[in-house]
1. Is it the case, given these coordinates, that F77 is within 13 Å of the ligand (Cβ to nearest atom) and of a type in the set (A, V, I, L, M, F, W, C)?
2. So in the range 80-136, with the set limited to residues that are among the polar types (S, T, N, Q) and within 16 Å of the ligand (Cβ to nearest atom), which one is surrounded by the fewest Cβ atoms within 10 Å (Cβ to Cβ)?
3. Checking the condition under 43 Å from the mean Cα position of the chain (by Cα) and within 30 Å of V180 (Cβ to Cβ), which residue from A432, A443, A367 passes?
4. Do any residues in the range 43-54 that are closer than 16 Å to L216 by Cα have Cβ atoms under 6 Å from those of residues that are in a helix (DSSP H, G or I), where the two are at least six apart or on different chains, and which pairs are they?
5. Just give me the residues in the range 264-273 being aromatic (F, W, Y) and in a helix (DSSP H, G or I), in sequence order.
6. Give the residue, chosen from A360, A367, that is touching a Pro at 6+ places or on another chain (Cβ under 7 Å) and touching a residue at least 24 places away in the same chain (Cβ under 8 Å).
7. Since Q33 meets every condition but one in (1) closer than 18 Å to D111 by Cα; (2) buried (at least 19 other Cβ atoms within 10 Å of the Cβ); (3) without any contact (Cβ under 8 Å) to a residue 60 or more places away in the chain, which condition does it not meet?
8. Being closer than 19 Å to G153 by Cβ, surrounded by fewer than 20 Cβ atoms within 10 Å (Cβ to Cβ) and β-branched (V, I, T) is the requirement here; does T368 meet it?
Amino acid sequence: MEKMWAGRFEKALDKQADDFNSSIHFDKKMYKQDIRGSLEHALMLCTCGIISKIEYEKIAEGLSSILEDLNSGALSFDENAEDIHMFIEAELTKRIGDYGKKLHTARSRNDQVALDLRLYMRDQVSDIISLLKELISAIKEQAEKNQDAIMPGYTHLQRAQPITFAHHLLAYAMMLIRDVTRLEDATKRMNYSPLGSCALAGTTYPTNRDMVAKNLGFDGVCMNSIDGVSDRDYCIELESAFATIMMHLSRFSEEIILWSSWEFKFVELDDSYTTGSSIMPQKKNPDMAELVRGKTGRVYGDLMATLTMLKGIPLAYNKDMQEDKEAIFDATETVIKCIQVFIPMIKTMKPIKENMYNAAGRGFINATDLADYLTKKGMPFRSAYKIVGTIVGECIKKDITLDKMTLEEYKSHSDMFENDLYEEISLESCVAKRISKGSTGYASVKEQLDYVAEFLK
Ligand code: ARG
């Protein structure tokens, strides 16, 4: 196919160079956005008297028929075309003749690609936000059902203090809520129209960029035409928000993998979200969680690729920028697929409360509460901390837990110990006594659940 820009050249583009240069095999994803942008551009040209009504009608008709045919499959993408923008324009001219050649008045492909990607990502981000909300809701449901499930909370992966499974799960809900707001914030900055930048310097035609922007749902136009076609920082913001989502999902995955191991057995994953082994008949592997953890690397890579691609290029458009799309498409698809598989995996995950409780019973995770017991009776915390440390040492030697020490033994360390200490260090009361805002205490967890519900409203 002859290039639209062939006029100035004496020789055709080498076949290999042509393939190398072409982006249609990935930017065809944006055909709907490209056509939508062209329709609004043509309407504006007509409204501003730059093209006639009949020319506009022909163009609109032609573009609509192309859209219809691409949607139905009646028209397929010409993989030899340079990119989606060239393909649609060429197809338009094929269908409506010279009228089609008027469409590209007062705009450039640099505007189109910048516009299409913003429109495309706006839709994708809105889908991702809905998926994130679905995931948050699944986490909330599990948390609601597990407000009484006491488990060890960890630091350094060492048993630290008793918490509830609900409290632990809600930590992830809070992270994902921030992820939603990060995407919303980035969208606000992205939502300005670059169309009409006209390659870089603007145009001599009396265009109305604001009209196009408004009709395409933008909050305004890019105020500088050079910036309009050169800016890809919205890709970086979105990719970095995607990378953060993946990091959160990856930490969650890591815990799910640990929890479903025989060493923990805090949860049982549903058969539909696990796989077997080709050789070991007993195996049930948490592949989905592992894959999410593994795919996190690609999304980080996509962010890095875009940052690096942009760092050395002068203003305005450079062909390097064609690389923006594969990176952000890959990041977007990966995030979507990961959240999609995460939602049902979380919904069907069965917590094994008994194992959590038993684990919480070992590891002296009520030692802080024992120290607090002495402190509340007037002993300075550091002295109480030291005494309890000694008692824990003794228990380890005797291979018993704190509740198995006799009152007499306790009294040999401090006569402040009384019989009520046993109630104080029971796991239930360790949780119930946590009354600070945001804590694992039952009332606080209820408050967190309400917060999440309010967010999801
Ligand atoms: N296919 C190109 C891209 O994805 C579109 C813009 C090309 N503009 C140009 N002047 N070569 O970035």
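The values are calculated or read from the model by the stated rules, or taken from the named source; none is laboratory data. Since the structure is predicted, the reported quantities are computational estimates derived from the model, not experimental observations. Positions of Cβ are generated from backbone atoms using ideal geometry, with glycine treated the same way; all protein chains shown enter the neighbour counts.
1. Working: within 13 Å of the ligand (Cβ to nearest atom): no; of a type in the set (A, V, I, L, M, F, W, C): yes.
Judged against the criteria, F77 is not a match.
2. Here is the first cut: in the range 80-136, the ones among the polar types (S, T, N, Q) are 80, 93, 105, 108, 110, 112, 124, 126, 130.
Remaining after also requiring within 16 Å of the ligand (Cβ to nearest atom): 80, 108, 110, 112.
Values: N80: 12, S108: 21, N110: 22, Q112: 26.
Among them, the one singled out is N80.
3. Details: A432 fails: within 30 Å of V180 (Cβ to Cβ); A367 fails: within 30 Å of V180 (Cβ to Cβ).
Result: A443 is the single residue among A432, A443, A367 that is under 43 Å from the mean Cα position of the chain (by Cα) and within 30 Å of V180 (Cβ to Cβ).
4. M44/M211; M44/V212
5. Step one: of the range 264-273, the residues aromatic (F, W, Y) are 264, 266, 273.
Within the range 264-273, Y273 is the sole residue that qualifies.
6. Going through A360, A367 in turn, the sole match is A360.
7. Against the list (1) closer than 18 Å to D111 by Cα; (2) buried (at least 19 other Cβ atoms within 10 Å of the Cβ); (3) without any contact (Cβ under 8 Å) to a residue 60 or more places away in the chain, Q33 comes up short only on (3).
8. In short, yes.
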